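The values are calculated or read from the model by the stated rules, or taken from the named source; none is laboratory data. As the structure is a computational prediction, the values presented were derived from the model and not from experiment. Using ideal geometry, Cβ is built from the backbone for each residue, glycine included, and neighbour counts are taken over all protein chains shown.
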Amino acid sequence: MSYAIEMRNIRKEFPGIVANDDITLQVQEGEIHALFGENGAGKSTLMNVLFGLYQPDQGEIYVHGKKELINDPNDAARLGIGMVHQHFMLIDKFTVAENIILGREPKKHGVLDMAKAVKIVKKLSEKYGLDVDPNQKVEDITVGMQQRVEILKTLYRGSDILIFDEPTAVLTPIEIKELIEIMKRLVGEGKSIILITHKLKEIFEACDRCTVIRRGRNIDTVAITDTNPNDLASMMVGRKVNIQVNDAPYDPKEKVLEIEHLNVLDSRKVDVIKDLNLTVHGGEILGIAGVDGNGQTELIEAIAGLRKVKDGSIKINNDDVTNQKTRKIIEAGLGYIPEDRQKHGLVLDFSVGENMVLQTYYKKPYAQAGILHNKVITKKAKQLIQEFDVRTPSERTLARSLSGGNQQKVIVAREVDRSPQLLIAAQPTRGLDIGAIEFIHGKLIEEKKKGKAVLLVSFELDEILHLSDRIAVIYEGHIIDIVDPKKTDENELGLLMAGRKKGGSEA
Amino acid sequence: MSFFEILTIIIPSTLLTAAPLIFTSLGGVFSERSGVVNIGLEGLMAVGAFTAAIATLGLEHAGLGDASPWLAIVIAAVAGGVFSLIHAVVSISFRADQTVSGVALNFLAAGLTIFLVKMIYDGKGQTPYITHNIDKINIPGLSKIPIIGPIFFQQVTYTSYLAILISLLVWFIIFKTPFGLRLRSVGEHPAAADTLGISVSKMRYIGVALSGVFGGIGGAVYLVTITSNYNVSTIAGQGFLALAALVFGKWHPIGAMGASMFFGFAQALSITGQQIPFLDRLPSVVMLTAPYVLTLIVLTGFVGRAEAPKADGIPYIKGQR
Amino acid sequence: MSRILKKINWMTLLIPVVSVILGLLCGAVIMLIIGYNPVLAYQSIVESIFLQPYYGGETIRAMIPLMLAGIAVAFAFRTGLFNIGVEGQLLVGWFASVACAICFDHLPKVILLPMSITAGGAAGALWGFIPGLLKARFKVHEVISTIMMNYIALYTTAYLIKNFLYTEGERTPTIPAAASLASTFLADLTQGSRLHWGFVVAIIAVFAMWFGLWKTTKGYELRAVGFSPDASKYAGMNVSRNIMLSLTFSGIFAGLGGAMEGLGTYQYMTINSAFTGIGFNGIAVALLGLNTPLGVVLSGALFAGLQTGGMTMQSEAGVPVELIQIIIALIIFFVGSGYVIKWAFGRLSRKGHK
Amino acid sequence: GCGNSKSSGSSATKKAAFKAGMVTDTGGVDDKSFNQSAWEGLTSFAKDNGLKKGSGVKYLQSTQASDYSPNLNTMVHQNYDIVYGIGFLMQSDIQKIAQQNPKAHLGIIDAVAVDKNNKPLKNVASITFKEQQGSFLVGVVAGLTTKTNKVGFIGGVNSALLKKFENGFKAGVKTVNPKAEIYAQYAGAFDAPDKGRAIAQTMYTKGADIIYASAGNTGNGVFTEAKNRAKNGKKVWVIGVDKDQHDQGMPENVTLTSMVKRVDQAIYDVTKQTKAGKFPGGKVLEFGLKENGVGIAPTTDNVSKKALSTVNDYKKKIIDGSLTVPTTDKEYKEYLANLK
Ligand SMILES: Nc1ncnc2c1ncn2[C@@H]1O[C@H](COP(=O)(O)OP(=O)(O)OP(=O)(O)O)[C@@H](O)[C@H]1O
Ligand SMILES: Nc1ncnc2c1ncn2[C@@H]1O[C@H](COP(=O)(O)OP(=O)(O)OP(=O)(O)O)[C@@H](O)[C@H]1O
Ligand SMILES: [Mg+2]
Ligand SMILES: [Mg+2]
């Protein structure tokens, strides 16, 4: 039997690390094949090899049964291989149509024929039900639509083998559902798909078979019908995974965060937070559920002093911190795991050690009279690396060179170690593997047990439901309802997130 | 002096000074649109001016007469293109910091051209004067139009009009052709272009080489229309001014042209101003610094934020995270 | 000391050394092609600098502003900024120090000298602060704004001298002895070279950069903001202020470089119709020194030696001084291409193992 | 090659051959101006006295202002019998080196080397020129030649030295043509032909038909503009400076005349005296019309007979002292007042 794709004994080395070690991957014609593995297991690397971005040090690639050398993306395109990358490969300033036709432009007398390009894109998007506006600039469209543009790019090139590298990490639940439908439709047309994801649910919903890799090595390929989420998870991590649940009793203490009548403008001067009221107590995890773009980001930024508050008040431990400087708010007891860890959470060109004291470097014992105590900092860093199991060669390694999961661990270590009264965790596990998620969830629960207040913002309903003591649903800039996780389910939350209050009334 | 008379002095002078800046900043547009910062424009102009001097002298000697400076511009274009390849190799293939490489290019050009002049002319620090310049003329027909004629079409060089036409052409190439789309794509998001099978290095090499060609032309035009011989101080800051024009013009060919015109105007004014009533009372320093001060003011966003191509200045390394 | 040695990454040290060697080799090849004697040329450089106290003194003298300019560039670079405006900051620093010295010529040396040096640093600080402010407030890229500031400095200082401090010879009057860094002791020691006490200032600056950036909380902040303004903002740092501070500090170093010229080398300021070139050389010095304090000292010495020696090379071997400029350019290219040098050495050593 | 340098320090035992050297400013020995002229003086001296170029007479070029001092020092240390600094920019360096090396013989052009008390330094020959006198003569030519009654003066940088050119010229023009209007502007640099050209354009457009370009390389822009105009059929003139710039105006023939400043002559003389053991140290040598140090260019093709004879009249008057040419703005004002 011939495979759509067969990669045999692939080995790929980076300076100091073997990313792929003798990996074999067989994708059948017309299937959705999951590629599953922890962060840094080598999934993206393997796919980049297949797409011609990397040359393997060893191994062979067969496409539709024929041995091929894929030297660059042009070769891949010629062979019908298209890839939607983990980080979108779109040019913000170009229109959707320009992004799609780039590299294979329709021409008239040697001049770009944009009218034709737009027509082609319209046709394609209708054919596959991928709704996009060809004339809009990419910087102006939603992440979901960007995803569709990426898919259209591959379809425009006539790809029949599609690689999706973690397409769902940045999508909302609704968008994920849509994407899975699209994938199924594409497979129905005879295309084959490789899907990389960390979410077991998606694998079981969408895929036919699954290949598990760990630390650059093949573990196994199984049919989805023959396995279950728990097995798959432990296969990946190499041990039993305990799904962390918030089993500590709900015992709220005094108010730590108190928000009253908050109003905030977004960067376009539109009201995004409207008369929002919210209280978080010590000893509780309060989850904020909501569809992306309902004011979550602005709310957190307002609390952290990163965005101006137009009206209303924010108190931490009865301290009014409204419109205070970020540093003052941090000193008042705020800890913050930001959504974009690389951009906001870390100085990537600082060492791991330096990153560990990003908010405390000027305080005792790390400094005195403006002079740094580097020895103390190093000692602290070593201790945290050990305690939080950060996989790094040493505390002097640059944060940039760490894998995403380990970068996140550095941030969590730093924030938790400061033991803030209020810990905001924004999408703390996005893009992380199950092992890392387990670890971070454990830490959040620990904080709660210590009597700290935790504000959890996540698009993952599972995460919210598992961890929260109370769930606040945010819709169009205010809290539409607060529910008890034990007395609710995904359906009810979904309705609330869409703005519908119990009893069917529109909010 | 009447206002009209002032215009007949300032406008032709503006056109004359602007032409080399226009060419050079257009070169910058190509390079930076492809994602390679080009601080080396100054050096490219120097190479262009030097080559134009040598070439014109040679061609004159060979008896080519009035064609000499024109041919010399072509030769200077080639020389600029070749010289810019150093910047291309070092900053694209060898991944050197582009600003650093550009700074070194300026050093090299300044040293090398004078070194060569000394070699060629037996230790002298400057070339002889060319005898066939590209002269200022009255454009037949157009210069006779009342009012407009004397202001825009008398005492001008063809190179000025050529510069304006070419900036339109560059605009067309960059925004209306597949080549332009690809060039811009590698300047905005090289990894994306790479995944679509566009060779980032190739496009960037072309971008830099074109900047060399245009920078060479810019320097050559400066020489054959303005200075007529090459020495250490022939190219002293014009390249940096062209760079400023490029930023001022928001990396847009027409913008760069407009900004160059503006700088030309400011310079013309700073010289002529001393003979214009009122303006002659301003301290000369105000006029002299005007182009630079105004650029700063413009950059503060006073005329809308300028945005560089996103990947401008960042070496592209395949597969780097 | 041994701790410092252990910290040195030999591979990174390799690049500048190899670059210098390659640069000098290329220079030799050029000389051979043209018909000069490279041995004689280099010999004349080395002999003059090391055997003749005058040229030794002049070399150290030339090092002073080069080091300060190099520190200015390196400091900014370490905080994520590219200061091409050293030239302009140096000019205003030069002017301010001289102007201060002349205007307060009745003050005693203990006051006037420090005051004039400070004036130079302050003027440089101002000239660095402006692009810093523009960047922090309006996101104007410092590369462009500092270039603009260079020209403004050039014309403004010329104008100020012409109109307020003019004397015969297109320059300011000579500064009073009470503001002078010159020393007959040092001059006598070096056969009448212009070596002056400014090297003490330069050494203090080198130390200040090292200590300031790596040993203080402010330095930590400056570097953090330089690498990632966003993360720094989230960590509670004041990004705008740090950007402004960084270019201001850088400007101080550059301004001091100018003060050294005014109070030490020249004792006055000429009306410059073109740039001094020290600022641009400072970029090269910083790069070759890998933007480290010690590196700046070493590369400053090399450049100063090449420049001073270049003059003897001209007079002894007849080689045009421009060759030095070519060699310097090539060295910068090589340092910039460090990646390739590393790669080539990697290849070589791997072959060696096989 | 290090033989030269070795000789420094050790007391010279045997009498070495005569050596004369000069340090150029950044213009170099082919600046078509005084550096070149000075070097010509030295080379012709070498030729007449059998000295070799490169050892007997030699120049060092400066690439930046900070090079003046080391370059001068190099030659002093190499025991040159006389070392010239070309141009007033080297004044302070010369002064310092002269004081540090009292045995050295130095010369400076266009400036007077003095010590702290403003007394001429004993071991420096200060060579200056009465440029106002030569400029007066070309002013006479301009005043008599202009058809528009408008003439221009373009100076390099506004300084006392250049003021001598300007005021001498203006006095000459006004003396023979009181109605003439004179535009004067300084380019701010000696090496900016683009500025020279732009200023010339303005002046010609305003109606001037003769421009006296006293601006080094900046003046070349004036020539370019004049030639361009000539090609377009508009006859305009340039008056050259320092050397006979007749060739510079060809083939369009735009050089009316030139004000020559015989730096070569002065250098030749001083070197000769030095060789003869009569080094004029401590003296301020002023080369004027009388000494043949300044004057009107030998090429007089474009100057009318009448103008030439007028020039000769005034030349005599200046030489015999019956006419004093103004040098400063103040003197010029007084001179004008006396004319009326
Ligand atoms: N360009 C590179 N240079 C050096 N090391 C790299 C490079 N790309 C990947 N690596 C390393 O190779 C390993 C595999 O990385 P890869 O991106 O393939 O992981 P992944 O399985 O896709 O992880 P994730 O789930 O986090 O996306 C990691 O240790 C990573 O740090
Ligand atoms: N290569 C270049 N040549 C000339 N000017 C440039 C160049 N690169 C950047 N600039 C100027 O600098 C401005 C700001 O650039 P910079 O990258 O610092 O800011 P940014 O990316 O817009 O903002 P942020 O600081 O938030 O990342 C640009 O908009 C442009 O005006
Ligand atoms: Mg991945
Ligand atoms: Mg930026």
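The figures follow:
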quantity: Unmet criterion (only one of (1) more than 16 Å from ligand 3 (Cβ to nearest atom); (2) in contact with a strand residue (DSSP E or B) (Cβ under 9 Å, 6 or more places away or on another chain)) for A:Gln408; calculated: (1)
quantity: From D:Ala142, D:Ala125, residue being crowded, with 24+ Cβ neighbours inside 10 Å, part of a strand (DSSP E or B) and among the aliphatic types (A, V, I, L, M); calculated: D:Ala125
quantity: Any hit, region A:66-81, residues being within 15 Å of ligand 1 (Cβ to nearest atom) and either closer than 29 Å to A:Arg391 by Cα or not basic (Lys, Arg) (or both); calculated: no
quantity: Test: residue in region A:10-31 that is modelled with pLDDT under 90, more than 16 Å from ligand 1 (Cβ to nearest atom) and not hydroxyl-bearing (Ser, Thr, Tyr); calculated: no
quantity: Hits in region D:22-44 - residues which are away from chain B (no Cβ under 13 Å) and buried (at least 23 other Cβ atoms within 10 Å of the Cβ); calculated: D:Met22, D:Val23, D:Phe34, D:Ser37, D:Ala38, D:Gly41, D:Leu42
quantity: Qualifying position, being more than 23 Å from D:Thr26 (Cα to Cα), at pLDDT 85 or above and touching a Ser or Thr at 6+ places or on another chain (Cβ under 8 Å), among D:Leu144, D:Leu137; calculated: D:Leu144
quantity: Residue count for region C:175-215, restricted to those that are of a type in the set (Val, Ile, Thr) and surrounded by 18 or more Cβ atoms within 10 Å (Cβ to Cβ); calculated: 4
quantity: Test for B:Leu108: is it assigned to a helix (DSSP H, G or I) and at the interface with chain C (Cβ under 7 Å from one of its Cβ atoms); calculated: yes
quantity: Test: residue in region A:41-48 that is surrounded by 22 or more Cβ atoms within 10 Å (Cβ to Cβ), away from ligand 2 (no atom under 16 Å from the Cβ) and more than 25 Å from the chain's Cα centre (by Cα); calculated: no
quantity: Answer residue from region B:258-288, given it is in a loop (DSSP other than H, G, I, E, B) and free of Cβ contacts under 8 Å to residues at least 60 places away in the same chain and is surrounded by the most Cβ atoms within 10 Å (Cβ to Cβ) among those; calculated: B:Leu282
quantity: Within region A:310-343, tally of residues that are crowded, with 21+ Cβ neighbours inside 10 Å, outside any loop (DSSP other than H, G, I, E, B) and either more than 11 Å from every other protein chain (Cβ to nearest Cβ) or without any contact (Cβ under 8 Å) to a residue 24 or more places away in the chain (or both); calculated: 4
quantity: Residue that is surrounded by the most Cβ atoms within 10 Å (Cβ to Cβ), among those in region D:293-340 that are more than 23 Å from the chain's Cα centre (by Cα) and of a type in the set (A, V, I, L, M); calculated: D:Ala307
quantity: For D:Glu331: the one exception among (1) assigned to a helix (DSSP H, G or I); (2) on the phi > 0 side of the Ramachandran plot; calculated: (2)
quantity: Tally of residues being of a type outside the set (Ser, Thr, Tyr) and within 23 Å of the chain's Cα centre (by Cα) across region D:99-131; calculated: 19
quantity: Verdict on B:Ser31 being touching a helix residue (DSSP H, G or I) at 6+ places or on another chain (Cβ under 7 Å), within 15 Å of B:Gly215 (Cβ to Cβ), within 12 Å of another protein chain (Cβ to nearest Cβ) and part of a helix (DSSP H, G or I); calculated: no
quantity: For A:Ala425: the one exception among (1) outside any helix (DSSP H, G or I); (2) over 23 Å from A:Ile330 (Cα atoms); calculated: (2)
quantity: Evaluation of B:Ser93 against (1) under 16 Å from the mean Cα position of the chain (by Cα); (2) in contact (Cβ under 8 Å) with a residue 60 or more places away in the chain (one fails), failing number; calculated: (1)
quantity: Where A:Gly431 falls short, out of the listed (1) closer than 18 Å to A:His281 by Cβ; (2) assigned to a loop (DSSP other than H, G, I, E, B); calculated: (1)
quantity: Among the candidates A:Glu6, A:Glu13, A:Glu60, residue that is in contact with a Ser or Thr (Cβ under 9 Å, 6 or more places away or on another chain) and away from ligand 3 (no atom under 16 Å from the Cβ); calculated: A:Glu6
quantity: Positions within region A:17-41 being farther than 19 Å from A:Arg214 by Cβ and not in a strand (DSSP E or B), in sequence order; calculated: A:Gln28, A:Glu29, A:Gly30, A:Glu31
quantity: Qualifying residue in region D:270-292 (condition: farther than 21 Å from D:Asn167 by Cβ and buried (at least 24 other Cβ atoms within 10 Å of the Cβ)); calculated: yes
quantity: Yes/no for A:Ile434 being within 15 Å of ligand 1 (Cβ to nearest atom), buried (at least 18 other Cβ atoms within 10 Å of the Cβ) and more than 14 Å from chain B (Cβ to nearest Cβ); calculated: yes
quantity: Qualifying residue in region B:237-257 (condition: within 30 Å of C:Phe138 (Cβ to Cβ), more than 10 Å from chain C (Cβ to nearest Cβ), buried (at least 19 other Cβ atoms within 10 Å of the Cβ) and away from ligand 2 (no atom under 16 Å from the Cβ)); calculated: yes
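Table: residues versus (1) assigned to a loop (DSSP other than H, G, I, E, B); (2) surrounded by 24 or more Cβ atoms within 10 Å (Cβ to Cβ); (3) within 23 Å of the chain's Cα centre (by Cα).
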| site | (1), (2), (3) |
| --- | --- |
| B:Gly58 | no, no, no |
| B:Leu71 | no, no, yes |
| B:Ile75 | no, no, yes |
| B:Val82 | no, no, yes |
| B:Thr99 | no, no, yes |
| B:Lys118 | no, no, no |
| B:Gly123 | yes, no, no |
| B:His132 | yes, no, yes |
| B:Asp135 | yes, no, yes |
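Residues are listed down the side, and each one gets a yes or a no for (1) in a loop (DSSP other than H, G, I, E, B); (2) within 14 Å of chain D (Cβ to nearest Cβ):
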position	(1), (2)
C:Tyr55	no, yes
C:Leu66	no, yes
C:Phe75	no, no
C:Asn83	yes, no
C:Phe95	no, no
C:Ile102	no, no
C:Val110	no, no
C:Gly121	no, no
